[in-house]
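Every number in this text was worked out from the coordinates using simple rules, so none of it is lab data. These numbers come from a predicted model, not from an experiment. FYI the Cβ positions are ideal-geometry reconstructions off the backbone, even for glycines, and counts take in every protein chain you see.
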Amino acid sequence: MAVDMVIEVNNEPGALAKVAAAVSDAGVNLAAATYTGAGRTAELHILVPHAEPVRHALAITSQAVTREREVVVVEIDDDRPGVLADLARKVAEAGVNLDLVYVATHNRVVFGSPDIDRLRAALATN
């Protein structure tokens, strides 16, 4: 199960490095990361295969996961223009609302929705 974890960090030099080092020290590979925020704090989304060791490692470094949830990860075999549009169309045709999308390593796209089961079903026929 792929898990999107959100860590609120101070928007300052070294914040990303601190989280990435803690995750690495836990022996967990980051499959994706996205860092957004222009103010004093930022949200770091990370994609990991297992949440528990990451939660533990971050707690040791006095950082906390503010949210986490299961997401659907779609592997893209044919990386070409229009792939994301095709996937988004499938989701839309199933009537599923997306609230998270980002790209992961190895030509994968991460999707989040309040209705994870319907999302999973919509994307099952990639």
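Can you give the translational diffusion coefficient of the range 1-61 in µm²/s, computed by Stokes-Einstein from the Kirkwood radius over Cα pairs at 10 °C and 1.306 mPa s?
Rounded to a whole number, D works out at 137 µm²/s.
Please work out the FRET efficiency for the pair N10 and H56, using the Cβ-Cβ distance as r and a Förster radius of 30 Å; give the result to the nearest 0.05.
0.90
Consider a paramagnetic label point 7 Å from the Cα of V83 along Cα→Cβ; state which residues of the range 90-112 have an amide N under 12 Å from it.
It comes to 103-110, nothing else.
At q = 0.09, 0.15, 0.21, 0.22 Å⁻¹, what log₁₀ I(q)/I(0) does a Debye calculation on the Cα points of the chain give, no solvent, two decimals?
Normalising to I(0) and taking log10 leaves -0.28, -0.72, -1.17, -1.23.
Counting Lys and Arg as +1 and Asp and Glu as -1, what is the net charge of the other residues whose Cβ lies under 13 Å from the Cβ of T41?
Cβ neighbours under 13 Å give a net charge of -2.
In whole Hz, with x marking every Gly and Pro, tabulate ³J(HN,Hα) for the range 61-77 from phi via Karplus 6.51 cos²θ - 1.76 cosθ + 1.60, θ = phi - 60°.
The phi angles translate into 8, 6, 10, 10, 7, 8, 8, 8, 6, 6, 10, 9, 10, 10, 7, 9, 7 Hz.
Where Rh is the Kirkwood radius over the Cα pairs of the range 72-123, the temperature 10 °C and the viscosity 1.306 mPa s, what D in µm²/s does Stokes-Einstein return?
144
Treating the beta-carbon of each Lys and Arg as +1 and of each Asp and Glu as -1, no other charges, what is the dipole magnitude of the range 1-76 about its Cα centre, to the nearest 20 debye?
Working: 5 positive and 9 negative charges, 36 e Å.
So the dipole magnitude of the range 1-76 works out to roughly 180 debye.
Under a GNM of the chain (C-alpha, springs under 10 Å), which listed residue has the highest mean-square fluctuation: S24, S113, S62?
S62
What's the magnitude of the charge dipole for the range 72-123 around its Cα centre, counting Lys and Arg as +1 and Asp and Glu as -1 at the beta-carbon? Answer in Debye, nearest 20.
Rounded to the nearest 20 debye, it is 60 debye.
What number, in percent, do you get for the relative contact order of the chain if the mean sequence gap of Cα pairs under 8 Å and at least 6 apart is divided by its residue count? Working shown, then result.
Details: 214 pairs, mean separation 33.7, N = 126.
Here the relative contact order equals 27 percent.
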